Amino acid sequence: MNILIINGPNLNLLGLREPHIYGSSSYNELCTQLFAYAKTLDIIIDIRQSNHEGIIIDWIQADWSKFDGLILNPGALTHYSYAILDCLKAVPLPTIEVHLSDTDAREPFRKISVVKDACIKQIKGKGFAGYIEALDYFAKGNDIK
Ligand code: DQA
């Protein structure tokens, strides 16, 4: 099984950015943990991060057919990117929306996810474990295309 993991704006700053919200582990540590965990599940992962909405859309458009599922943390784009919503609706790639923080317990603008309707599942507020839960979900064969 091949799973694409895409992280949006500012997730490359994990460890530095608001550690009281996002924790003190770095983006590299997240990637290392995910590669190690995916290996135990026999899943091949490709992890990407971009600060640019259009690049994220280009990746999904170009590569969706190479993967069985997508784990997507769109960062702040979650709350306003109708372009990512349309892109997810356009391709038949089961997508799990993941957020490190509990976006429901933060500022009002974070309670809204405009991409949610194109996702099979949302996981919020579990830190790095949210990505692990998403990998487990796909590993069990749930919603695989
Ligand atoms: C986030 C939550 C978003 O509101 C925020 O803009 C992020 C990270 C999270 O993982 O908790 O960049 O997606």
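Would you point out the residue of the stretch 1-34, among those that are under 20 Å from Asn142 (Cα atoms) and away from the ligand (no atom under 13 Å from the Cβ), that is surrounded by the most Cβ atoms within 10 Å (Cβ to Cβ)?
As a first pass, look at the stretch 1-34 and keep what is under 20 Å from Asn142 (Cα atoms): 1-6, 34.
Remaining after also requiring away from the ligand (no atom under 13 Å from the Cβ): 1-4, 34.
Values: Met1: 16, Asn2: 14, Ile3: 24, Leu4: 22, Leu34: 21.
In this case the residue turns out to be Ile3.
Could you say whether any residue in the stretch 52-68 is in contact with a Gly (Cβ under 7 Å, 6 or more places away or on another chain), touching a residue at least 24 places away in the same chain (Cβ under 8 Å), away from the ligand (no atom under 11 Å from the Cβ) and not in a helix (DSSP H, G or I)?
Of all residues in the stretch 52-68, those in contact with a Gly (Cβ under 7 Å, 6 or more places away or on another chain) come to 56.
Still in the list and also touching a residue at least 24 places away in the same chain (Cβ under 8 Å): 56.
Of the ones still in play, those that are also away from the ligand (no atom under 11 Å from the Cβ) are 56.
Retained after the next criterion (residues that are not in a helix (DSSP H, G or I)): none.
Looking for residues that are in contact with a Gly (Cβ under 7 Å, 6 or more places away or on another chain), touching a residue at least 24 places away in the same chain (Cβ under 8 Å), away from the ligand (no atom under 11 Å from the Cβ) and not in a helix (DSSP H, G or I), one finds none in the stretch 52-68, hence no.
Residues of the stretch 71-103 being touching a residue at least 60 places away in the same chain (Cβ under 8 Å), surrounded by fewer than 20 Cβ atoms within 10 Å (Cβ to Cβ) and polar (S, T, N, Q), which ones?
Selection gives Ser101 alone.
Within the stretch 104-128, track down each residue that is loosely packed, with under 14 Cβ neighbours inside 10 Å and of a type in the set (Gly, Ala, Ser).
Answer for the stretch 104-128, where residues must be loosely packed, with under 14 Cβ neighbours inside 10 Å and of a type in the set (Gly, Ala, Ser): just Ala105.
Tally up the residues in the stretch 86-111 that are more than 10 Å from the ligand (Cβ to nearest atom) and more than 25 Å from Leu30 (Cα to Cα), please.
Step one: filter the stretch 86-111 for residues more than 10 Å from the ligand (Cβ to nearest atom), giving 86-96, 104-105, 108.
Now narrow it down to the ones that are more than 25 Å from Leu30 (Cα to Cα): 86-87, 89-92, 108.
Qualifying residue count for the region: 7.
Please verify whether the stretch 114-122 includes one or more residues that are within 11 Å of the ligand (Cβ to nearest atom), assigned to a loop (DSSP other than H, G, I, E, B), under 12 Å from the mean Cα position of the chain (by Cα) and on the phi < 0 side of the Ramachandran plot.
yes
Read-outs: derived from the displayed coordinates by stated rules, not from any lab. Keep in mind it's a predicted model, so treat the numbers as computed, not measured. Cβ atoms come from the backbone with ideal geometry, glycine included; neighbour counts cover every protein chain shown.
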